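Below is one structure, written out as structure tokens, with a few remarks after it.
The values are calculated or read from the model by the stated rules, or taken from the named source; none is laboratory data. Small disclaimer: the values here were computed from a predicted structure and weren't measured. Here Cβ is always computed from backbone atoms with ideal geometry, including for glycine, and neighbour counts include all displayed protein chains. Side chains are part of the model used for accessible areas, which takes the heavy atoms of the whole protein and leaves out ligands, DNA and RNA. Shrake-Rupley method; radii C 1.70, N 1.55, O 1.52, S 1.80 Å.
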Amino acid sequence: MPSNRDYYEILGVSRDSNEDEIKRAYRKFALKYHPDKNPGDKEAEERFKEAAEAYEVLRDREKRKIYDLYGHEGLRGTGFKGFSGFEDIFSAFGDIFEDFFGFGGKGSRRTRIIRGNDLRYDLKLTLEEAYTGKEEEIVFEKWGPCDTCSGTGITPGTEPGMCPNCHGRGEIVHSQGFFQIRTTCSTCNGTGQVIVDPCRRCSGKGKIRLERNVLVRIPPGVDTGTQLRIRGEGESGENGGPPGDLFVVIYIKEHEFFDRDGDDLKCQITVSFVQAALGTEVSIPVLGDDEERRITIQEGTQPGEIIRLKGKGMPSLRRGRRYGDLFVQVMVKIPTRLSQRQRELLTEFGKLEKQKIGAKTRDFWDKIRGV
Ligand SMILES: [Zn+2]
Ligand SMILES: [Zn+2]
């Protein structure tokens with residue numbers, strides 16, 4: 001649950017403070033309420049989380065602008081949820097904590113926590129599948145820890161050697177006059193160790209391509225472009241970092257009868273001009289349990305007229321258990337080949353119509369001439 005307290009107040013900074021001031025203020029709070037310094041202290045834990053959340057918003061120009069203009073409500077509108085726990089906070093600010101607390105100083109081994117990459121999987125569905133929703137098992141490859149060396153990159157049974165560049169210290173000290181400058185060793189990336197006998201399975205990388213099966217629950221109403229986020233199914237993190245997420249991106253295949261427009265569906269049916277004139281009943285396919293539905297074509301239906309079937313569209317992904325509508329456009333077919341008898345009847349029909357049409361036609365020309 002995101003905090004409801006004012007973020008500026010939480011960090012004790014003014015509304016016009018700059019990025020540096022905000023970072024300094026957060027550093028102060030993070031040091032004071034850090035869980036390592038306050039084990040088991042619920043109050044400190046809350047403060048620590050609150051400060052992290054305030055900092056997460058105020059350090060980000062975009063989020064800060066939204067917060068300044070619309071407050072907490074505005075951020076909630078963007079899907080901002082704050083942090084659920086320490087793990088979240090450390091993975092978001094891992095590099096900052098290293099800066100703050102000076103990890104890597106005094107010869108300690110510096111290992112960066114890195115979150116795993118997100119993955120994307122494109123999934124094609126039929127309109128029927130999108131209507132009902134379904135569970136789909138997807139199979140994909142991702143980087144995971146090598147099971148031969150348990151992710152260490154070292155052949156089991158052998159030991160890593162001391163880094164020859166930094167002699168195991170993880171950093172290099174340069175002297176410049178009176179000053180000493182410490183930099184992370186580039187040979188071992190600060191770990192102080194190098195692999196002497198790399199694992200053959202993963203060539204020392206510590207990770208290999210793994211095949212992964214994941215059961216994805218697809219809710220009814222998904223559309224092309226819908227993204228389902230499956231937490232933790234992305235690639236594994238490094239040095240204890242959290243895994244990334246898997247994003248399943250939905251594509252809906254074209255349907256032979258229905259066009260989709262958001263939650264609504266559209267289709268066309270064709271009736272003969274006699275059916276349009278006299279009225280009739282026709283069966284049309286619908287999605288869902290009914291499969292078919294009879295609709296009435298009213299007497300005197302004009303070409304292009306639209307019949308709306310409420311609730312016969314797609315289930316709405318966002319509006320709970322509601323459904324869109326189905327719009328049926330009635331097309332009217334004019335016969336192209338007439339039998340002798342049909343021609344006689346239509347000619348007869350035309351004679352009956354003539355007076356009306358003739359009258360209209362005269363009116364029309366009178367109007368044009370301004371009579
Ligand atoms: Zn080294
Ligand atoms: Zn390996």
Estimate the FRET efficiency between residue 333 and residue 215 by the formula 1/(1 + (r/R0)^6), using the beta-carbon distance for r and 51 Å for R0, to the nearest 0.05. 0.60
Subtract the Cα-Cα distance of residue 9 and residue 158 from 0.36 nm times their separation in residues, and report this length gain in nm to one decimal. 48.2 nm
Rounded to whole Å², per residue accessible area for the chain with a 1.4 Å probe reads 65
Hey, if you drop one equal point scatterer on each alpha-carbon of the chain and run the Debye formula without solvent, what base-10 log of I(q)/I(0) do you get at q = 0.13, 0.15 Å⁻¹? -1.21, -1.31
Taking R0 as 45 Å, what's the FRET efficiency between residue 113 and residue 261 from their Cβ-Cβ distance, rounded to 0.05? 0.45
Between residue 120 and residue 186, how many nm apart are label points set 7 Å from Cα along the C-beta direction? 3.3
With a 1.4 Å probe and all protein chains in place, put 126, 296 in order of accessible area, largest first. 296, 126
Which angle from 0 to 90°, rounded to the nearest 10, does the C-alpha axis of helix 340-369 make with the longest principal axis of the chain? 80
The chain: Cys lacking any partner C-beta under 4.7 angstrom: 267
Measuring from label point to label point, each 7 Å out along Cα→Cβ, what is the residue 346 to residue 196 span in nm? 9.7
Residue 278 versus residue 172, label points 7 Å from Cα toward the beta carbon: distance in nm? 9.5
